[in-house]
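Worksheet: the structure to be examined is printed underneath.
The values are calculated or read from the model by the stated rules, or taken from the named source; none is laboratory data. Remember, it's a predicted structure, so these values are computed and weren't measured experimentally. Backbone-built Cβ (ideal geometry, glycine too); neighbour counts: all protein chains shown. Ligands, DNA and RNA are excluded from the accessible area calculation, which covers all protein heavy atoms including side chains. Shrake-Rupley method; radii C 1.70, N 1.55, O 1.52, S 1.80 Å.
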Amino acid sequence: MFLGLKNYILYIFQTFLNLIYNQKCLICSCSKTDSLLCKNCAKDIHYLSSFPHKIFNNIPFYSATLYEGIIKKLIHKLKFNHRKKASIPLAQILYKYFNNIKEEKEYIITYPPSFFLKSAQRGYNHMFLIAKEFSKLTGIEINKNLIKKIKYTKPQYKVKNRHKNIKGSFKINKKEIKKLKNKTILVIDDITTSGATLEEIINCFIINNIGNIICLTISKT
Ligand SMILES: [Zn+2]
């Protein structure tokens, strides 16, 4: 009886908080949740194994999930529907996976930059939002100036030859290199398809004699 009453009070309190903050699950819109992804929706996420799905030039590529279902919906909301809050559950998913692969190392977070006009058009850089939330969870510092996008490229999903499209479009900011001493660079991204973007970034690091890198994406196709 007492437990029932206690749960009822907690339920009322939670509902009251949700009403104030208008907290709803981003996927199913239910308000019986204390996070942006309710437990019911979160249980549909299938995490991939904690082994790299690819090794490129000795750099491991990890992916937390497959680009499907809830993950696909969250990424779409963030990138195309202006739902900036979707960066929070996406960063949580990345964090949950990262906990299985992290080692006793000092990391630094970075991500593929988008061309400035692209960010201006969207009003925000979606990868910066994810990186910011991921940094809050892990306590790892972000370096958002490490990789520069130096030319406009068509969105990767719109082209056939993705390697050719992205070639020569990034540069490592030499001023930032000294900040990398003894650190492992954690390059994070939302989706990897052909891996062309991340491979191009790896090539830029290697040209600058930087090889202490891990690539980690939320999803892969
Ligand atoms: Zn839900």
Seminar exercise, completed: Which residues qualify? For Ser63, with a placed amide H closer than 5 Å and at least 5 residues away or on another chain, they are His53, Thr217
Exercise. So which aspartates and glutamates can Lys73 reach, going by Cα to Cα under 19 Å and dropping same-chain residues fewer than 8 places off?
Worked result: Asp44, Glu133, Asp189, Asp190
Problem set entry | Cα-based Rg / Dmax (Å) for the chain | 19.2, 68
Exercise. Solvent-accessible area per residue for the range 25-142 at a 1.4 Å probe radius, Å²?
Worked result: 54 Å²
Problem set entry | Residue (of Asn7, Ser49, Phe134) at the positive-pole extreme of the chain, dipole from beta-carbon charges | Phe134
Exercise. Could you give me the ³J(HN,Hα) list for the range 92-108, computed from phi with Karplus coefficients 6.51, -1.76, 1.60 and θ = phi - 60°, whole Hz, x at Gly and Pro?
Worked result: 5, 5, 4, 5, 4, 6, 4, 4, 7, 10, 5, 10, 6, 9, 9, 9, 9
For this session: Determine the gain in length on full extension of the stretch Gln121-Asn58; use 0.36 nm per residue of separation and subtract their C-alpha separation, reporting nm with one decimal.
Result: 19.1 nm
Seminar exercise, completed: A 1.4 Å probe over the protein heavy atoms gives the chain a carbon and sulfur accessible-area percentage of 55 percent
Problem set entry | Simple spin-label estimate for Phe128 and Lys84 in nanometres, 7 Å along Cα-Cβ | 1.0 nm
Problem set entry | Label point at Ser29 placed 7 Å out along Cα→Cβ; residues across the range 60-75 whose backbone nitrogen lies under 14 Å | none
